[in-house]
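Input: a single structure, listed below in structure tokens.
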Amino acid sequence: MNLLSLFQRHRLVRQGLSCGKQRRRPTVAEWRQWLETGAGWRLALVATACAAICLLCLARASGPGGWMAALMEAALVFAGSLLVLPFLCPEFASRNSRILLIYLVILIHLGAARGVVLFREETGMWVHLVPAAFAPMMLSVLLGPVAGIFGAVSGTLLAAVAIGERFEVVASAGLFVGLMAVICTRRVRKRQNIIRAGLFCGAAAMVCALAFGMTGDVPAAEAFRFAAWAAAAGLLTGFIVNAILPAFEWLFDITIDVTWLEMADLNHPLLQEMATRAPGTYHHSLVVANLAEAAAAAIGANSLQCRVVCLFHDIGKLVKPEYFVENIGSGENPHDELSPSMSALIVTSHVKEGVDLALKHKLNSHIVDAILEHHGTTLVSYFYARARQQQRDALEGVRILQMREDDVPEVQESTFRYPGPKPRSRETAILMLADAVEGASRSLEKPTPQRIEELVDSIARKRIADGQLDECPISLSEVQAVAEKLAANLKTMMHGRIAYPKDEDERSGEKDRGRRGPDQSSASLPVAPQKTAPAA
């Protein structure tokens, strides 16, 4: 905040026009954005990676053609990887941080391969000690199986060039072990799954070592010894990857499925506070999480991410829980004493309050984005309709009293809209639909399957017509699939129950009460009228 803004805030506080509270807001520095997308930085990054890879390959053992052959081979493989990267991983090729991550992992892979050269001996079995699973395993866990395949091919070919001996053995065995690593880590839900993947990669390396050892002029004892070392190297790779993954997640702002599962723990202090102070919001968040997780799985989105962001998306309601419909009991509705614009301000402020709490508790950046975007720029329709009705009543009164109609203030629709931004990911779009559907379904008097389907379809169409899904990469067919899944789950959740048969004693007791009249103790208690409040 600059000095002028500070003085203005201090003046407003003194005049009683501001409470002095300053919420935390997510900020992205321009220099970081420039580093992430700048073409100049990307060119410098690619040049540095190429130079580092060429230097590692130049340090190889002397082979045919000498250093010139090593330089040409490394440059050609690197250029080929650059050409194919935009086609395999288009979402990563435009982000400098992802390019840095990919080639940093490959450089570590090459450094480990060069370290194996120290164990070189005459039989040539030492090449099976190359940790071929490192780059594909790291990239598969961090960026997905396609990036893992890219790492397997590029890392294996560059390692074969860097070693400079027994190219065909290093390339074939490395590809086999690398692809095995991708297959075993395509869906990691627990950290021990990475250790298990290392065990399978070690087994694959052992098979390769035995196969090449038996087909060559290598003593059986020597082949079995290096096969055991290759298996140990694969297992050790799994332990190393498991140990350094958190550092790479933190450095490159990546959240893997294992971390999402850890964040889904309901014992988080914010969720525990929500369960105590805003039980209605807590239950609503749990139901939305279940709905969104199933809908995300239906279109191939990240279901674990959907579940976690749904659990935390309404934490801003902890500041004023009594102003939201799911937390209002049979008592008085606090919105009855407020103007529609003030009620809308309180309801929409839960987004800013949620961001403030999320940043205070250092929640994941994807959770912060979901809190900001899950309402988009939608209209708080209940209070907007109430304000329009008040305006019409005021205009009618002005006409009766023959006063100026210009004295009646105009109702601005922007006053009753959330600040946004609109959803920018498929997961946040699913959260928006699941949140709206769950809240609206509570107002159905008779939730028949047909009414539930019509409600979900109506909400999805309104969000599309209002342009709320224009900025996220979700297609109309995916929106339709999400709506169908939400409707199916809601029909299952809101199904009716059969009336249990009563025994003879209960039926006779009801007949006796009918003859005597209603129970005096219950008839003497007045029934408070039910008041409702809008869903936020």
Check: Restricting attention to region 349-374, which residues are among the charged types (D, E, K, R) and in a helix (DSSP H, G or I)?
Finding: Lys352, Glu353, Asp356, Lys360, Asp369, Glu373
Notebook entry, point to check: So which pairs qualify, if the first residue must be in region 237-261 and surrounded by 13 or more Cβ atoms within 10 Å (Cβ to Cβ), the second must be of a type in the set (Gly, Ala, Ser), the Cβ gap must be under 6 Å, and the two must be at least 6 apart or on different chains?
Noted result: Thr237/Ala133; Thr237/Gly198; Gly238/Ala197; Gly238/Gly198; Phe252/Ser97
Next item on the list: Filter region 137-162 down to the residues that are surrounded by 24 or more Cβ atoms within 10 Å (Cβ to Cβ) and touching a Cys at 6+ places or on another chain (Cβ under 9 Å), then identify the one that is modelled with the lowest pLDDT.
Entry: Ala162
Notebook entry, point to check: So which residues in region 456-479 are part of a helix (DSSP H, G or I) and among the hydrophobic types (A, V, I, L, M, F, W, C)?
Noted result: Val456, Ile459, Ala460, Ile464, Ala465, Leu476, Val479
Note to self: Regarding region 390-405, can at least one residue be identified that is loosely packed, with under 11 Cβ neighbours inside 10 Å and in contact with a Leu (Cβ under 7 Å, 6 or more places away or on another chain)?
What the structure shows: yes
Notebook entry, point to check: Taking Arg463 and the conditions (1) closer than 17 Å to Ala294 by Cβ; (2) modelled with pLDDT of 90 or more; (3) not polar (S, T, N, Q), which numbered condition does it fall short on, given that it satisfies the others?
Noted result: (1)
Item checked: Answer residue from region 81-116, given it is farther than 12 Å from Ala49 by Cβ, part of a helix (DSSP H, G or I) and in contact (Cβ under 8 Å) with a residue 60 or more places away in the chain and is farthest from the chain's Cα centre (by Cα) among those -> Val84
Notebook entry, point to check: Can you name the condition, by its number, that Thr156 falls short on among (1) touching a helix residue (DSSP H, G or I) at 6+ places or on another chain (Cβ under 7 Å); (2) more than 18 Å from Ala205 (Cβ to Cβ)?
Noted result: (2)
Notebook entry, point to check: Which of the residues spanning region 197-223 are farther than 22 Å from Ala113 by Cα and modelled with pLDDT of 90 or more?
Noted result: none
Next item on the list: Could you check how many residues of region 420-457 are surrounded by 14 or more Cβ atoms within 10 Å (Cβ to Cβ) and among the hydroxyl-bearing types (Ser, Thr, Tyr)?
Entry: 3
Next item on the list: List every residue pair whose Cβ atoms sit under 6 Å apart, with the two residues 6 or more apart in sequence or on different chains, where the first one lies in region 411-429 and is farther than 17 Å from Val347 by Cα and assigned by TED's automatic domain parsing to the domain that holds Pro473 and the second, anywhere, is polar (S, T, N, Q) and part of a helix (DSSP H, G or I).
Entry: Glu427/Gln305
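Conditions (1) farther than 20 Å from Met432 by Cα; (2) among the hydrophobic types (A, V, I, L, M, F, W, C); (3) surrounded by fewer than 20 Cβ atoms within 10 Å (Cβ to Cβ); (4) in contact (Cβ under 8 Å) with a residue 40 or more places away in the chain, marked per residue:
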{"position": "Ala275", "(1), (2), (3), (4)": "yes, yes, yes, no"}
{"position": "Leu286", "(1), (2), (3), (4)": "no, yes, yes, no"}
{"position": "Ala298", "(1), (2), (3), (4)": "no, yes, yes, yes"}
{"position": "Ile315", "(1), (2), (3), (4)": "no, yes, no, yes"}
Margin query: So in region 84-130, with the set limited to residues that are surrounded by fewer than 21 Cβ atoms within 10 Å (Cβ to Cβ) and small (Gly, Ala, Ser), which one is modelled with the lowest pLDDT?
Written below: Gly124
Checklist line | Filter result (more than 18 Å from Leu379 (Cβ to Cβ) and either within 25 Å of the chain's Cα centre (by Cα) or at pLDDT 80 or above (or both)) within region 397-430 | finding: Arg424, Ser425, Arg426, Glu427, Thr428, Ile430
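The values are calculated or read from the model by the stated rules, or taken from the named source; none is laboratory data. Note that the coordinates shown come from a computational prediction; the quantities given were computed from them, not determined experimentally. Note that each Cβ is placed from the backbone with ideal geometry, even for glycine, and that neighbours are counted across all protein chains shown.
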